[in-house]
Amino acid sequence: MNLFHGPFYGIMTFDIIISGLGCAGLSLVNYVLDSPLNQKAILLIGNEGEGEKNKTWCYWAETPLAIHPSVKPLVAWKNLKFIHRDDKISTSLDHLNYYKVSAEDFYKEIWEKINQYPGITYINDFVEDILQEDGSLKIKTKNSGCFLGKKVFNSIQLPHMQNHSRLNQVFLGWEIKSDRLNLNKDAVTLMHFDSKNGKEMGFTYILPFNQNHALVEYTLFSKNKLPSMDIMEAEIKKYIHSQWGITDYSITYREQGVIPMSTFPPNLKDYQNLYHIGSIAGWTKPSTGYTFHKIQTRCQSIVNNLLDDKRINKHAWERAGRFKFYDNILLNIAYKWPEKLPEVFLDLFRKNAAKNILKFLNEETSLWEEIRLLAKLRFRIFIRSLIHYDRY
Ligand SMILES: Cc1cc2nc3c(=O)[nH]c(=O)nc-3n(C[C@H](O)[C@H](O)[C@H](O)COP(=O)(O)OP(=O)(O)OC[C@H]3O[C@@H](n4cnc5c(N)ncnc54)[C@H](O)[C@@H]3O)c2cc1C
């Protein structure tokens with residue numbers, strides 16, 4: 001890899017520019033480097049370090065994805081739990097596993113790979129804008145000048161792309177360790193609902209790594225105004241104390257995030273040869289926030305299309321109307337009757353095999369499979385949501 005020390009007075013042109021080097025940008029780089037495209041003139045631009053530990057990504061699959069970091073041991077679970085008051089469901093994932101990826105390991109391995117390619121140029125800088133001038137794509141950076149790209153893949157939220165989501169998934173996670181913890185490491189708690197949290201619905205998500213060590217994440221479906229991190233911290237502390245009776249634990253890692261829950265297409269510049277990728281491109285499932293797996297399948301297919309000299313069809317990435325509809329029904333419940341959400345999720349997982357629900361959440365089911373899955377649920381709240389239907 002060639003680290004660029006700008007500014008450079010003259011405009012350099014690259015075959016491929018990847019703007020934003022988080023999950024989507026680095027995933028794309030990974031697939032590009034594994035292909036003959038690694039001989040092209042490639043520019044990477046991002047403002048992050050090489051290997052920041054800032055996220056924990058989970059996905060489900062039969063076996064780990066090829067991009068899964070090789071660090072051992074592999075962290076995965078075979079069971080999911082849902083809890084609301086005295087109601088508890090534990091369900092097996094069957095042939096699937098729920099895998100955990102540490103962003104730190106993921107970034108580290110991909111950067112190691114990048115460093116083996118002297119032909120790749122990297123700029124550590126802020127991207128200010130992407131423009132189309134005289135038929136070319138021009139990337140404007142804060143300190144290193146401008147660059148031209150024949151194809152540009154962008155995962156950066158640029159100033160004009162404001163998020164107008166009415167509902168956000170806000171979360172704060174702590175990895176905690178304590179000898180006094182005695183966790184069951186076989187099951188992920190996907191949702192432990194908090195029935196006492198006023199008008200908005202909160203739940204705790206737990207990834208138990210061993211009996212003394214877990215990621216405990218408090219999540220809130222929040223309307224417009226974002227809750228302060230003090231409130232979120234207080235919720236995690238309260239949860240740890242009420243569930244496990246401890247106050248003396250060490251916090252070894254923190255993560256936080258806000259995921260817009262919206263089915264509206266993002267406000268993106270639609271220039272020829274400019275492709276938006278990752279969360280900003282609407283690759284996040286609005287009702288759940290899961291994105292990692294989709295990033296992998298889409299980035300892999302981008303590279304396959306480039307190799308075959310096929311057009312990358314951005315419109316093929318648009319979500320099927322019926323999945324937007326299901327998401328809106330659920331988001332409508334989350335917005336208007338959040339107290340009903342625990343019942344909806346517990347009912348869904350009690351009456352259906354987890355593997356079928358996860359296939360549905362991945363948007364890989366047929367209409368017939370969806371009818372069979374949804375027909376088992378209690379209808380009242382869905383009918384209410386349909387009568388008062390809104391788009392989010
Ligand atoms: C804490 C957290 C946990 C998550 N957990 C899961 C999970 O378990 N499973 C799942 O499927 N999804 C999860 N998600 C959702 C999603 O997978 C992640 O947000 C994922 O990182 C999205 O990838 P991305 O490349 O689109 O965005 P990012 O990974 O955020 O990458 C964007 C990159 O662009 C850089 N950047 C931003 N602005 C500029 C600029 N102006 N100039 C240069 N660089 C810039 C940023 O520093 C960042 O590195 C999680 C999200 C968060 C926030």
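The values are calculated or read from the model by the stated rules, or taken from the named source; none is laboratory data. Remember, it's a predicted structure, so these values are computed and weren't measured experimentally. Note that each Cβ is placed from the backbone with ideal geometry, even for glycine, and that neighbours are counted across all protein chains shown.
Sort out which residues of segment 13-22 are near the ligand (Cβ under 6 Å from one of its atoms) and crowded, with 24+ Cβ neighbours inside 10 Å, and write them in order of number.
G20, L21
Taking the conditions exactly as written (in contact (Cβ under 8 Å) with a residue 12 or more places away in the chain, touching a helix residue (DSSP H, G or I) at 6+ places or on another chain (Cβ under 6 Å) and within 16 Å of the ligand (Cβ to nearest atom)), does G278 satisfy them or not?
Numbers: in contact (Cβ under 8 Å) with a residue 12 or more places away in the chain: yes; touching a helix residue (DSSP H, G or I) at 6+ places or on another chain (Cβ under 6 Å): yes; within 16 Å of the ligand (Cβ to nearest atom): yes.
In short, yes.
State all residues of segment 209-226 that are within 16 Å of the ligand (Cβ to nearest atom) and surrounded by fewer than 18 Cβ atoms within 10 Å (Cβ to Cβ); if no residue qualifies, say none.
Within segment 209-226, F209, L226 meet the criteria.
Go over the candidates T121, T56 one by one and state the one that is touching a residue at least 40 places away in the same chain (Cβ under 8 Å), buried (at least 17 other Cβ atoms within 10 Å of the Cβ) and more than 22 Å from the chain's Cα centre (by Cα).
T121
Within segment 252-271, is there a residue that is of a type outside the set (G, A, S), surrounded by 21 or more Cβ atoms within 10 Å (Cβ to Cβ) and not in a strand (DSSP E or B)?
Yes: one or more hits.
Go through T247, T263, T297 for me and flag whichever is at pLDDT 90 or above and either under 12 Å from the mean Cα position of the chain (by Cα) or within 15 Å of the ligand (Cβ to nearest atom) (or both).
T297
Among I83, I67, I42, which is the only one that is within 16 Å of the ligand (Cβ to nearest atom), surrounded by 17 or more Cβ atoms within 10 Å (Cβ to Cβ) and among the hydrophobic types (A, V, I, L, M, F, W, C)? Working first, answer last.
Details: I83 fails: within 16 Å of the ligand (Cβ to nearest atom); I42 fails: within 16 Å of the ligand (Cβ to nearest atom).
On inspection, the qualifying residue turns out to be I67.
Hey, does segment 31-50 have a residue that's of a type in the set (A, V, I, L, M, F, W, C) and either at pLDDT below 95 or within 18 Å of the chain's Cα centre (by Cα) (or both)?
No, that holds for no residue.
Name the residues in segment 348-360 that are part of a helix (DSSP H, G or I) and crowded, with 17+ Cβ neighbours inside 10 Å, would you? Spell out how you get there, then give the answer.
From segment 348-360, those part of a helix (DSSP H, G or I) are 348-351, 354-360; that's our starting set.
Once the filter is applied, which keeps residues that are part of a helix (DSSP H, G or I) and crowded, with 17+ Cβ neighbours inside 10 Å, segment 348-360 yields L348, F349, A354, I357, L358, K359, F360.
Going through T13, T63 one at a time, which residue ends up being out of contact with any Gly (no Cβ under 6 Å at 6 or more places or on another chain) and part of a loop (DSSP other than H, G, I, E, B)?
On the way: T13 fails: part of a loop (DSSP other than H, G, I, E, B).
Just a single option satisfies the conditions, and that option is T63.
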